[in-house]
Amino acid sequence: QVQLVESGGGLVHPGGSLRLSCAASGFTFSGRTMEWYRQAPGKQRDLVASISGDGSGTTYADSVKGRFTISRDNAKNTVYLQMYSLKPEDTAVYYCKTTISSSWGQGTQVTVSS
């Protein structure tokens with residue numbers, strides 16, 4: 001079955017950077033679009049970024065465009081989210097997902113605070 005394990009979250013000051021990783025298994029990773037979502041306390045889970053199966057196409061939510069970069073390593077079955085210029089409003093639990101499954105991982109907490 002699909003398994004997704006997110007890591008790399010933590011506490012960072014405003015303006016700081018973090019790189020999230022998501023290790024995927026249980027499906028053919030290469031060729032599948034991967035997505036990053038986030039959910040802040042009391043809010044719905046929102047799509048942050050997506051990347052096509054070969055990595056050639058990416059999309060971003062307006063709120064993170066120019067600050068976040070999604071990438072993938074198909075040899076390692078891993079998708080990344082590099083986050084720069086973090087703001088307090090980026091605080092959330094971040095999840096990765098494949099478009100071929102409704103499964104979610106446990107997420108990784110990102111807290112941006114001074």
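The values are calculated or read from the model by the stated rules, or taken from the named source; none is laboratory data. Remember, predicted model here, so these are calculated numbers, not experimental data. Reconstructed Cβ throughout: ideal geometry from the backbone, glycine too, with neighbour counts over all protein chains shown. The area values use the complete protein model at the heavy-atom level, side chains included, leaving out ligands, DNA and RNA. Shrake-Rupley method; radii C 1.70, N 1.55, O 1.52, S 1.80 Å.
Treating the beta-carbon of each Lys and Arg as +1 and of each Asp and Glu as -1, no other charges, what is the dipole magnitude of the chain about its Cα centre, to the nearest 20 debye? Mind dumping the intermediate values first?
Details: 11 positive and 8 negative charges, 6 e Å.
Approximately 40 debye in magnitude.
What number comes out for accessible area per residue over the chain if the probe is 1.4 Å? Units Å², please. Write out the running numbers ahead of the final one.
Values: 5750 Å² over 114 residues.
Each residue of the chain exposes 50 Å² on average to a 1.4 Å probe.
Considering only 64, 81, 49, whose Cα is most displaced toward the positive end of the charge dipole of region 46-90, charges sitting on Cβ of Lys, Arg (+1) and Asp, Glu (-1)?
81
Please list 102, 85 in order of solvent-accessible area, largest first, computed with a 1.4 Å probe with all protein chains present. Mind dumping the intermediate values first?
Details: 102 95, 85 65 Å².
The residues order as 102, 85, largest area first.
Given q = 0.20 Å⁻¹, what are the Debye log10 I(q)/I(0) values for region 1-44, with equal point scatterers placed on the Cα positions and solvent ignored?
Log10 of I(q)/I(0), two decimals: -0.85.
Residue separation times 0.36 nm, minus the C-alpha to C-alpha distance between residue 59 and residue 87: what's the value?
On the way: separation 28, 0.36 × 28 = 10.08 nm, distance 1.99 nm.
Length difference between fully extended and current span is 8.1 nm.
How large is the convex hull of the Cα atoms of region 17-91 per residue, expressed in Å³ as a whole number? It would help to have the intermediate numbers written out before the result.
On the way: hull volume 7.0 nm³, N = 75.
In region 17-91, the Cα hull volume divided by residue count equals 94 Å³.
For the chain, the longest stretch holding no trypsin sites (Lys or Arg not before Pro) located in a DSSP loop with at most 14 other Cβ atoms within 10 Å is which? Intermediate results must be reported in sequence, preceding the final value.
Working: sites that count: 43, 65, 76.
Longest stretch, sites excluded: 1-42.
Which of the chymotrypsin sites (Phe, Trp or Tyr not before Pro) across region 36-114 are loop residues per DSSP, with 16 or fewer other Cβ within 10 Å?
Numbers: sites: 36, 37, 60, 68, 80, 84, 94, 95, 104; in loops: 84, 104.
Loop-located and lightly packed - 84, 104.
For region 51-109, compute Rg over Rh where Rg is the Cα radius of gyration and Rh is the Kirkwood radius from the inverse mean 1/r over Cα pairs.
0.95
Ignoring any ligand, DNA or RNA, what whole percent of the accessible area of the chain comes from carbon and sulfur when the probe is 1.4 angstrom? Numbers along the way, then the final one.
Working: 2670 of 5750 Å².
The computed percentage sits at 46.
Heads up, I need the accessible area for residue 48: 1.4 angstrom probe, whole protein in place, Å², nearest 10.
Accessible surface of residue 48 is approximately 0 Å².
For the chain, what's the relative contact order in percent, using C-alpha pairs closer than 8 Å and at least 6 residues apart? Numbers along the way, then the final one.
Values: 281 pairs, mean separation 42.5, N = 114.
Once divided by the residue count of the chain, the mean separation gives 37 percent.
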